[in-house]
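Chemist: What follows is a single structure, and I will ask about it in a moment.
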Amino acid sequence: MTRGRHLPVPLLTAAVLAGCGDRQSVLNPKGPFALELTQLSWLLFGVGIAVLMIVMAATAGALWGSDRMRARLASVRAVVWAGVVFPVVTLTGLLTYGVVLTRAAAVAPDADPSALHISVFGEQWWWRVTYEREAGTITAANEIRIPTGRPVLFKLTSPDVIHSFWVPNLGGKVDMIPGRTTLLRLQADAPGIYRGQCAEYCGGPHALMAFEVVVLAQAEFETWLDLQAKPAAEPASEAAQRGHDLFLASGCGACHAVRGTPAAGTIGPDLTHLGSRRSVGVDTLPLTEANIRRFIHDGQRIKPGNLMPQFRIFAQADLDAIATYLAGLR
Ligand code: CUA
C-alpha cells in the first residue's frame, strides 16, 4: 500500500490545486481587478457554505428533532422568515455587492486617461493584437505584453465567431463578439507570465487557443514596444537570406505580414517579430528554430484544424533556411 492512499482529503485537494499551477488560476490574483473577483468568489463560497449548513441543520431537526422543534420548523412563521425573507435579503445583498465590485473593471474607454489601450481580435484560432500609441498602432500576435502598475484597457472583438478572452490571474472573462467591441480593464501589480485561454467554444482547435500575458517593468515594456514598432530585422546570415527569399517566393506573404518586406498578408498572424515571442503555433510549442520547422511541416498534427496547411513541399535544407530566417526575426 502506498503512503499516498493515507493522504487526508484536504491535502489531496491542495495537491491537485497545486498541480494546476498558479499562472492560470483564479485563486492566485495578480492585480487589483483579479483580487476583487477572488474576494467576491470567496465571499459567495463562504455564504453558500453557511446557507448549506443552516439547511442541513434544519433538515436534521425536521427528521430527528423533538416534536416541539418539528412543529416550529413547520410553522408559517418559519417558512416566511427562512423561506422568503432570508433568501431575498441575502441574495439582494450579494447581488448589490457583486455589481458594485465588478463595475470598477468595466468602464468607458475614456474614463482612465492613464490606461494603455490594446485591441485584441479573437480569430479562428489565434489572437491578433494591436497596441495603440500616439505615433500609430503596432501589430503583433499571440502574445500580449503589458507594463506593471498601469491599467490596460482591452478592446475586444472578433471577425468570425464568438471567442472569449480570459486571463484568470488578472481579471474577469469577457466575450469577443463579431460586430461589437467589448471592453475589459486589467492590471498587473508585478512582473510575471500568466496564461490566458479562449473560454468560449469556437470550433476546431478551440482548446489550443491560448496565449501568454508577459508583464514587464514599465521601462522594459517601453523598450520592447519600441522594438515591436520597427520593421523586421534584415537577414543576418546567408542561410537566413535564403530563408527570406524562399519565404517570399513560396507565397507565405499571402497570409503573413513581415513588415519591411513585400509580405503583407493579414489572414494569419503577423510575423515581423516572431523570433522575440515565447511560443510558436499560438502557445502550443516553445519558440525554437526546430519548433518553427515542425509547425511548418507538421502543423496539422500539432494544432489539428488550424487554417495553415502543412507545407511539405520543401527540401530539408530549404525548410531549415526558412526556420532560421523566421527565428531571426527578433
Ligand atoms: Cu476561440 Cu474558443
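Chemist: Which pairs have Cβ atoms under 7 Å, sit 6 or more apart or on different chains, and link a residue in region 22-49 that is modelled with pLDDT of 90 or more to one that is β-branched (V, I, T) and part of a loop (DSSP other than H, G, I, E, B)?
Modeler: Pairs found: T38/V26; S41/V26.
Rundown of residues vs (1) more than 16 Å from the ligand (Cβ to nearest atom); (2) touching a Pro at 6+ places or on another chain (Cβ under 9 Å); (3) at pLDDT 95 or above, yes/no style:
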site	(1), (2), (3)
V88	yes, no, yes
T92	yes, no, yes
D112	yes, yes, no
R150	yes, no, no
V161	no, yes, yes
G171	yes, yes, no
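Chemist: When the residues of region 119-149 are narrowed to those that are of a type in the set (S, T, Y) and farther than 21 Å from C202 by Cα, which ends up farthest from the chain's Cα centre (by Cα)? Before the answer, list the steps.
Modeler: So the first thing to find is which residues in region 119-149 are of a type in the set (S, T, Y), and the list is 119, 130-131, 137, 139, 148.
Narrowing the set further to residues that are farther than 21 Å from C202 by Cα leaves 130-131, 137, 139, 148.
Working: T130: 16, Y131: 17, T137: 22, T139: 18, T148: 17 Å.
Among those that are of a type in the set (S, T, Y) and farther than 21 Å from C202 by Cα, it is T137.
Chemist: At pLDDT below 95 and not β-branched (V, I, T): which single residue out of A236, A254 fits that description? Before the answer, list the steps.
Modeler: On the way: A254 fails: at pLDDT below 95.
Checking each option against the conditions leaves just A236.
Chemist: Then there is this: What pairs come out if I take residues in region 143-172 that are touching a residue at least 12 places away in the same chain (Cβ under 8 Å) and pair them with residues that are of a type in the set (K, R) and within 16 Å of the ligand (Cβ to nearest atom) whose C-beta lies under 6 Å away, six or more apart or interchain?
Modeler: S164/K173; W166/K173
Chemist: Of all strands (runs of 3 or more DSSP E) completely enclosed by region 178-290, which ones contain at least 2 residues that are within 15 Å of A140 (Cβ to Cβ) and within 16 Å of the ligand (Cβ to nearest atom)? Quick ask: steps written out before the conclusion?
Modeler: Values: elements: 182-186, 192-198, 210-216.
Filter on region 178-290 gives 210-216.
Chemist: Does I54 fit the bill of being out of contact with any helix residue (DSSP H, G or I) (no Cβ under 6 Å at 6 or more places or on another chain), closer than 20 Å to V89 by Cα and modelled with pLDDT of 95 or more? Steps first, please.
Modeler: Numbers: out of contact with any helix residue (DSSP H, G or I) (no Cβ under 6 Å at 6 or more places or on another chain): yes; closer than 20 Å to V89 by Cα: yes; modelled with pLDDT of 95 or more: no.
When the stated conditions are applied, I54 does not pass them.
Chemist: Are there any pairs, at least 6 apart or on different chains, whose C-beta atoms fall under 6 Å, with the first in region 115-135 and open to solvent by less than 20 Å² (accessible area, probe 1.4 Å) and the second basic (K, R) and in a loop (DSSP other than H, G, I, E, B), and if so, which?
Modeler: Hits for this filter: L116/R150.
The values are calculated or read from the model by the stated rules, or taken from the named source; none is laboratory data. Everything quoted here is computed from the prediction, not taken from an experiment. Here the Cβ is made from the backbone with ideal geometry for all residues, glycine too, and neighbour counts use every protein chain on show. Protein only, heavy atoms only, side chains kept; ligands, DNA and RNA dropped before computing areas. Shrake-Rupley method; radii C 1.70, N 1.55, O 1.52, S 1.80 Å.
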